[in-house]
There are 2 protein chains.
Amino acid sequence: MNEVKLLEMIEKKEYVKIKERLSQMNEVDVADLLDPLDENTTLLIFRMLPKDLAVGVFAHFSSEQQSSIVNSITDKELTHILDELFFDDMIDMIEEMPANLVDKILKNSNTEERNLINQFLKYPVDSAGSIMTIEYVVLKKHMIVGEALAHIRKTGLNKETIYTCYVVNDKRILEGIVSLRNLVIADEDTKISDLMEEDIIYVHTHDDRESVGNLFIKYGFMALPVVDKENRLTGIITFDDILDVIEQEATEDFQIMAAMAPSEEKYLDASVMSLAKQRVPWLLLLMVGATITGGIITRFEGLLSSVVVLTAFIPMLMDTGGNSGNQSSTLIIRGLAIGEISFKDKWKVFWKEFRISIISGIILASVNFLKNILIDRVGLSVSLTVSLTLIVTVVLAKLIGSMLPLGAKKLNLDPAIMAGPLITTIVDAITLTVYFTFASILLGL
Amino acid sequence: MNEVKLLEMIEKKEYVKIKERLSQMNEVDVADLLDPLDENTTLLIFRMLPKDLAVGVFAHFSSEQQSSIVNSITDKELTHILDELFFDDMIDMIEEMPANLVDKILKNSNTEERNLINQFLKYPVDSAGSIMTIEYVVLKKHMIVGEALAHIRKTGLNKETIYTCYVVNDKRILEGIVSLRNLVIADEDTKISDLMEEDIIYVHTHDDRESVGNLFIKYGFMALPVVDKENRLTGIITFDDILDVIEQEATEDFQIMAAMAPSEEKYLDASVMSLAKQRVPWLLLLMVGATITGGIITRFEGLLSSVVVLTAFIPMLMDTGGNSGNQSSTLIIRGLAIGEISFKDKWKVFWKEFRISIISGIILASVNFLKNILIDRVGLSVSLTVSLTLIVTVVLAKLIGSMLPLGAKKLNLDPAIMAGPLITTIVDAITLTVYFTFASILLGL
């Protein structure tokens, strides 16, 4: 069913048919379908949905749509949604909501829930704590498989996953994990302590969510336990939330690396003003930075006016320097992000980039030299000036492009800042200084 | 345990202790630990591992290490590994292996396996077929839950996942899916046909794996069925394989967008020559492209030598144009990759970028104008020339940066090619043409 069809059916008041059709659809698709509709129509259809589907659909609404629904429904309806909503989805929702609606939600929660919500809202935005959920299956070491399965049957419906179960002691310290697969395949009277895996890989509430994502990729986990400072189990992170994190973290890096403030807004939904705000500050900063390069040109104005042909090679030298630096910084930034490279590899990276840049520089310079001599016919001195500058530029650009992201990492800055646009601005100034220096020497000016 | 510790223990021949320690570790970590060791040592330790762990470790070895092990072990040992290895891991291995070892593997497979392997090797590299596995649980509609669970207990050990089970008819047409969660919670005598989900989201063997990744992100699936042209179930894709795909696809885009040939090699493992080969062709191409810009300068040499100060603003104008275009192209390329934007949105994108670029251009031009007048003191005409060029450049750069990726998509090219480096080269030429045109008019030259 698509939006046009749905609106047609609403027009004709074919509500029974609508309910039937929507009930067969995936909750994500129903949310996508209802999200663009106006407030009243959405609420009308939303109230028709079977209770279970309704909560799933609600969890996938945009925060605007969630807010307008929370605003319009009765306290009783809200309580039902809050009861059924997974805790991590509830936190996501609250984080995006205006204060008066947050109050309405807290008013409809009990004291225990309120305390938990307040605790969760305190986790830093990019931390493991901010994406974990509290609906998981807890088992005890002394249980046997039959008991464990009975426990899962009784409580499993409200858990975000039952496929990985967590064994904790009386102090909630994590002692082991056991998969539903092993429970189902094992004998009824096997003890959990004999079945559980004790070498557990876990994360802390304040760990960075990007590094949590890398753990999921490395090990292919379905869920990962999260413990607090006292090593007590406080939540779990499931793979479906990590899929979003991995996508968002990459998108964020793409944006920062293209000199934009990162934003989670979808491009087509974002307003022109918010997109402009994302972009202008960096453009301004880099524009001002580029005036340094202009200053260098001004300083060598005499040189340029006596050998005007030198100006013609400035764009090519600047672009090649920028591109060379951009290649290196991109590989290093990405390597750092996915955990393939770390600060301790700095000398390995330096040496590698040095050799690559020598090879690249010589090839580029040779091609350029031939072109200068045979096609441009600018004479030996100018050809040599341009070609030597090319080699030095490529080498410096690659070294700067690879070292700055590593330096940023060391200083706990986001390495993605040290990407193409900033590297280009820095390399431009260096390129021109090198160019004019060679020109002064080789052209005897 | 780390490598140094392990080598120490090997030196002291503490094999029992080694076996004990490794048996407690995650298979991924054991593979990471053994992978850098020399052939003989790896084989020595590998043969000590408990059979189950050994196969898991083998699956995570690098293809070089896998090849050397396949080369060294007996046919009997190989048969055991092949029997236990998941089919998708086997295909991954074979794809990277020298022909003589592939022969050794095929020799140790039965006819049915050989046919399957040959069929799987034919799927395109980036297709759903190339990442799917054939070890999944098949159920029949008429079974009851008790029978289904018994079936899973009997066959589940060798399946890649048992958490999603697939209901097919006699022609292997997919009729429904049912989760282990529902099976465990349901009554023993519920019929599978009453429990199964019939509105199934599935993919085709030849679908692009990037779009499959987007489906996983959108729906949070644990596994997705893959059907052939006749809609017969031929495999499933599990979330752990998709995690790798999502990471690799983003890395590939980062590389292409930084003007490099994409490569799956790890940076630190890659040789200097292979990294240089990844980078030099694009650098050469862009260098040659940039000479067009040089040609434009040559054409306006007269203008430049009579108003030398104009040269000083060339780097700033080029950089700002490049940065503006880069911002737009990055957002559009990423939006296309994650399925947020499609070709049909072209006019929406055009109109959005046009308005953003007008706002950005005016802000940048105003700041620049004030700076030109108050700090650089270059006079009104030059200030106006530079500022007007800035506005036009930003607008054109953003329109070109946003439209070229959409055009590439339409032509079935990879939109990531239309990123910063290429956009910069194109925008540079336009910027300078605009600049010199304004200069001619405003300075009356």
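Evaluate the stretch B:256-266: report whether one residue or more is part of a helix (DSSP H, G or I), touching a residue at least 24 places away in the same chain (Cβ under 8 Å) and outside the structural domain of B:Ile417 (by TED's automatic domain parsing). Among the residues of the stretch B:256-266, at least one is part of a helix (DSSP H, G or I), touching a residue at least 24 places away in the same chain (Cβ under 8 Å) and outside the structural domain of B:Ile417 (by TED's automatic domain parsing), which makes the answer yes.
Looking for something in contact (Cβ under 8 Å) with a residue 40 or more places away in the chain, in contact with a helix residue (DSSP H, G or I) (Cβ under 7 Å, 6 or more places away or on another chain) and assigned to a loop (DSSP other than H, G, I, E, B) - is there at least one such residue anywhere in the stretch A:394-407? Scanning the stretch A:394-407 turns up no residue that is in contact (Cβ under 8 Å) with a residue 40 or more places away in the chain, in contact with a helix residue (DSSP H, G or I) (Cβ under 7 Å, 6 or more places away or on another chain) and assigned to a loop (DSSP other than H, G, I, E, B). If only residues of the stretch A:8-57 that are among the hydroxyl-bearing types (Ser, Thr, Tyr) and either within 14 Å of chain B (Cβ to nearest Cβ) or closer than 18 Å to A:Leu78 by Cβ (or both) are counted, the one that is surrounded by the fewest Cβ atoms within 10 Å (Cβ to Cβ) is A:Ser23.
Of everything listed in (1) without any contact (Cβ under 8 Å) to a residue 60 or more places away in the chain; (2) in contact with a Phe, Trp or Tyr (Cβ under 7 Å, 6 or more places away or on another chain), the single unmet condition for B:Leu413 is (2).
Name every residue in the stretch A:414-428 that is in a helix (DSSP H, G or I) and over 21 Å from B:Ile423 (Cα atoms), in order of residue number.
Initial filter on the stretch A:414-428 (in a helix (DSSP H, G or I)): A:415-417, A:420-428.
Across the stretch A:414-428, the qualifying residue is only A:Pro415.
Within the stretch B:292-317, the set of residues being buried (at least 20 other Cβ atoms within 10 Å of the Cβ) and assigned to a helix (DSSP H, G or I) comprises B:Thr293, B:Gly294, B:Ile297, B:Leu304, B:Leu310, B:Thr311, B:Ala312, B:Phe313, B:Ile314, B:Pro315, B:Met316, B:Leu317. Consider the stretch B:97-123 and keep the residues that are surrounded by 13 or more Cβ atoms within 10 Å (Cβ to Cβ) and part of a loop (DSSP other than H, G, I, E, B). The one that is modelled with the highest pLDDT is B:Tyr123. Kindly establish whether B:Gln327 is modelled with pLDDT of 85 or more, more than 7 Å from chain A (Cβ to nearest Cβ), farther than 30 Å from B:Val178 by Cβ and assigned to a helix (DSSP H, G or I). So B:Gln327 does not fit the description; no. In the stretch A:139-183, the residue that is nearest to the other protein chains (Cβ to nearest Cβ) out of those that are among the hydrophobic types (A, V, I, L, M, F, W, C) and free of Cβ contacts under 8 Å to residues at least 24 places away in the same chain is A:Leu157. The listed residues are A:Ser387, A:Ser360, and the only one of them that is without any contact (Cβ under 8 Å) to a residue 40 or more places away in the chain, of a type in the set (Gly, Ala, Ser), in a helix (DSSP H, G or I) and in contact with a Leu (Cβ under 7 Å, 6 or more places away or on another chain) turns out to be A:Ser360.
Considering the stretch B:185-233, the residues that are touching a residue at least 24 places away in the same chain (Cβ under 8 Å), among the aliphatic types (A, V, I, L, M) and part of a helix (DSSP H, G or I) include one that is farthest from A:Glu147 (Cα to Cα), namely B:Val212.
To keep it simple, each residue is scored yes or no on (1) surrounded by fewer than 17 Cβ atoms within 10 Å (Cβ to Cβ); (2) in contact with a helix residue (DSSP H, G or I) (Cβ under 9 Å, 6 or more places away or on another chain).
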{"residue": "B:Ser328", "(1), (2)": "no, yes"}
{"residue": "B:Arg334", "(1), (2)": "no, yes"}
{"residue": "B:Ala337", "(1), (2)": "no, yes"}
{"residue": "B:Lys344", "(1), (2)": "yes, no"}
{"residue": "B:Glu353", "(1), (2)": "no, yes"}
{"residue": "B:Ile362", "(1), (2)": "yes, yes"}
{"residue": "B:Ala365", "(1), (2)": "no, yes"}
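Just so you know, in the stretch B:1-58 the residues that are among the aliphatic types (A, V, I, L, M) and in contact with a Lys or Arg (Cβ under 9 Å, 6 or more places away or on another chain) include one that is modelled with the lowest pLDDT, and it is B:Met1.
Residues checked against (1) buried (at least 21 other Cβ atoms within 10 Å of the Cβ); (2) at the interface with chain A (Cβ under 8 Å from one of its Cβ atoms):
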site	(1), (2)
B:Phe216	yes, yes
B:Tyr219	no, yes
B:Leu224	yes, no
B:Lys229	no, no
B:Ile236	yes, no
B:Ala259	yes, yes
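Looking across the stretch B:330-346, the residues that are within 7 Å of chain A (Cβ to nearest Cβ) and in a helix (DSSP H, G or I) come down to B:Thr330, B:Leu331, B:Arg334, B:Gly335, B:Asp345.
Just the residues that are surrounded by 20 or more Cβ atoms within 10 Å (Cβ to Cβ) and farther than 18 Å from A:Lys19 by Cβ, please, taken from the stretch A:62-71. Full working, then the answer.
Of the stretch A:62-71, the ones surrounded by 20 or more Cβ atoms within 10 Å (Cβ to Cβ) are A:65-66, A:69-70.
Matches in the stretch A:62-71: A:Gln65, A:Gln66, A:Val70.
One residue stands out in the stretch A:261-276 among those that are more than 7 Å from every other protein chain (Cβ to nearest Cβ) and hydroxyl-bearing (Ser, Thr, Tyr): the one that is nearest to the chain's Cα centre (by Cα), namely A:Ser263. On inspection, A:Val349 fails the criterion of being in contact (Cβ under 8 Å) with a residue 24 or more places away in the chain, surrounded by fewer than 22 Cβ atoms within 10 Å (Cβ to Cβ) and facing chain B (nearest Cβ under 9 Å). Inside the stretch A:385-407, residues that are surrounded by fewer than 21 Cβ atoms within 10 Å (Cβ to Cβ) and over 17 Å from A:Gly321 (Cα atoms) make up a count of 1.
Number of residues in the stretch A:183-231 that are of a type outside the set (A, V, I, L, M) and over 28 Å from A:Phe120 (Cβ atoms): the value is 9.
Scanning the stretch B:222-269 for residues that are at pLDDT 90 or above and aromatic (Phe, Trp, Tyr) gives a single hit, B:Phe239. The set of residues in the stretch B:277-311 that are touching a residue at least 24 places away in the same chain (Cβ under 8 Å) and within 7 Å of another protein chain (Cβ to nearest Cβ) comprises B:Leu283, B:Leu286, B:Ala290, B:Thr293, B:Ile297. In the stretch B:12-32, the residues that are under 21 Å from A:Leu195 (Cβ atoms) reach residues that are of a type in the set (D, E, K, R) and not in a helix (DSSP H, G or I) with C-beta atoms within less than 8 angstrom, at least six apart or across chains, in these pairs: B:Gln24/A:Glu198; B:Gln24/A:Asp199; B:Met25/A:Asp199; B:Asn26/A:Asp199.
The values are calculated or read from the model by the stated rules, or taken from the named source; none is laboratory data. Here the structure is a predicted model, which is why all the values come from computation and not from measurement. Glycine also receives a Cβ, built like all others from the backbone with ideal geometry; neighbour counts cover every protein chain displayed.
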